[in-house]
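Novice: Have a look at this one.
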Amino acid sequence: MREPLAQSRFVKNAIASLLAQFVRLVRLTSPLVAGSARFSGGAYAEFEPGIIALWHGQHLLTPAYYPKRKPLVAMVSRSADAELNALMLEKFGIEAVRGSGGRDNARHLDKGGAKALIALKKSLTAGKNVAMIADIPHGTPRDAGLGIVLLARLSGRPLLPVAIATSRRKVLEKSWDKTTINLPFGRSAVTIGAPIFVAADADDAEMERKRQEITTALNAATAEAYRLVDGRR
C-alpha cells in the first residue's frame, strides 16, 4: 500500500523548501536592531567551536541568521514532527543529527541520544559549531535538560546561550512550548549570553548547577532579545 501523501518524502521535502523560503523572507525583511550580537565570530570567535544553546519554539530563525558557508551541525529530535525541521536545515547547508538530550540524570541517555551526543562531540573536535535545543521535547518548556550540559563536559567546549526575536510574531499559545512564528517586515535581534564551561570532572551536583545556569542564561538572553525588538528600556 502506498504511504499517505502527507507522509511521503517528496511532500515533506516540498514543505521544507517552502518553510526555508519563508524563514529567508523574515530574515531579509527584518533588519537587526542596534545592540544585536554577531551570531558567530566577533567577540565570540575565541569561544568557537561552541555549543549554541536554544529554546524550543524560539529556534526557528536560527538557520537564516547563522553565517553562510560556516559549518554547523544541529541536533534534531527523532520524532516524526521534527523531520521537517531536519529537512529545512538541509536547505541551509546545515547538517542534522537525530536524537534528544537527557531529561533526568545524564547517565540515563537512551541509545539514540547517546549516539547523537557522540556525533556532536566529533563535530566540535573537527572545529565545527554545533546547535542543540536545551529543553526537552514535551517536557517543561524553557528548563534545560542535562544532555546539553553533558555535551559541554565531554567536549570541553562552551555553551553559548542564543536567542533570536522579531518585533512581528505570532505566539501559538496552545502549544506546549508556546512556539513563536516569526513574521516578516519588522525588526529582529540576536542576543548571546556569556559562555558557560563545564569541567571534565563535574559531578552530579555540579552538572545540576550548570543545568540551572544555562537555564537562567537562556531565559535572560530571550528576555533581552524581545526587549530589543519591542523597544523597551
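Values quoted throughout were computed directly from the atomic coordinates according to the rules given, and no laboratory measurement underlies them. A quick note: this is a predicted structure, and the numbers were derived from the prediction, not measured. Neighbour counts are summed over all protein chains in view; Cβ atoms, including those assigned to glycine, are modelled from backbone coordinates with ideal geometry.
Novice: Contact order normalised by length for the stretch 5-230, with contacts defined as Cα pairs under 8 Å and 6 or more residues apart; what percent is it?
Specialist: On the way: 453 pairs, mean separation 58.1, N = 226.
Worked out over the stretch 5-230, it gives 26 percent.
Novice: In addition: Could you work out the local net charge near P195, counting Lys and Arg as +1, Asp and Glu as -1, over the other residues with Cβ closer than 15 Å to its Cβ?
Specialist: Working: positive: R38, R153, R157, K210; negative: E46, E48, E213.
It works out to a net charge of +1.
Novice: Still on this structure: Could you size up the charge dipole of the chain around its Cα centre, putting +1 on the beta carbon of Lys and Arg and -1 on that of Asp and Glu, and report it in debye to the nearest 20?
Specialist: Details: 34 positive and 21 negative charges, 173 e Å.
For this selection, approximately 840 debye.
Novice: How many lysine pairs does the chain hold where the Cα atoms are under 21 Å apart and the two sit 8 or more places apart or on different chains?
Specialist: 13
Novice: Here is a follow-up. Would you mind computing, in nm to one decimal, how far apart the modelled labels at R168 and V11 are, each placed 7 Å from Cα along Cα→Cβ?
Specialist: 3.0
Novice: Of all beta bridges DSSP finds with both residues in the stretch 5-230, what is the antiparallel percent, to the nearest 5?
Specialist: Working: 10 of 25 bridges.
In the stretch 5-230, DSSP labels about 40 percent of beta bridges as antiparallel.
Novice: If you don't mind, another one. Can you list residues whose amide H is under 5 Å from I52's amide H, if they're 5+ apart or on another chain and H is modeled 1.01 Å from N?
Specialist: Long-range HN contacts for I52: V130, A131, M132, L160.
Novice: Could you run the Karplus curve 6.51 cos²θ - 1.76 cosθ + 1.60 with θ = phi - 60° over the stretch 217-225 and give me ³J(HN,Hα) per residue in whole Hz, x for Gly and Pro?
Specialist: With coefficients 6.51, -1.76 and 1.60, one gets 5, 5, 5, 5, 5, 5, 4, 5, 4 Hz.
Novice: To the nearest 0.05, how large is the calculated FRET efficiency for E46 and D203 if R₀ is 35 Å and r is the Cβ-Cβ distance?
Specialist: So the FRET efficiency works out to roughly 0.80.
Novice: Okay, moving on. So what's the net charge close to I51: Lys and Arg +1, Asp and Glu -1, counting the other residues with Cβ under 13 Å from its Cβ?
Specialist: Details: positive: K121, K128, R153, R157, K210; negative: E48.
That works out to +4.
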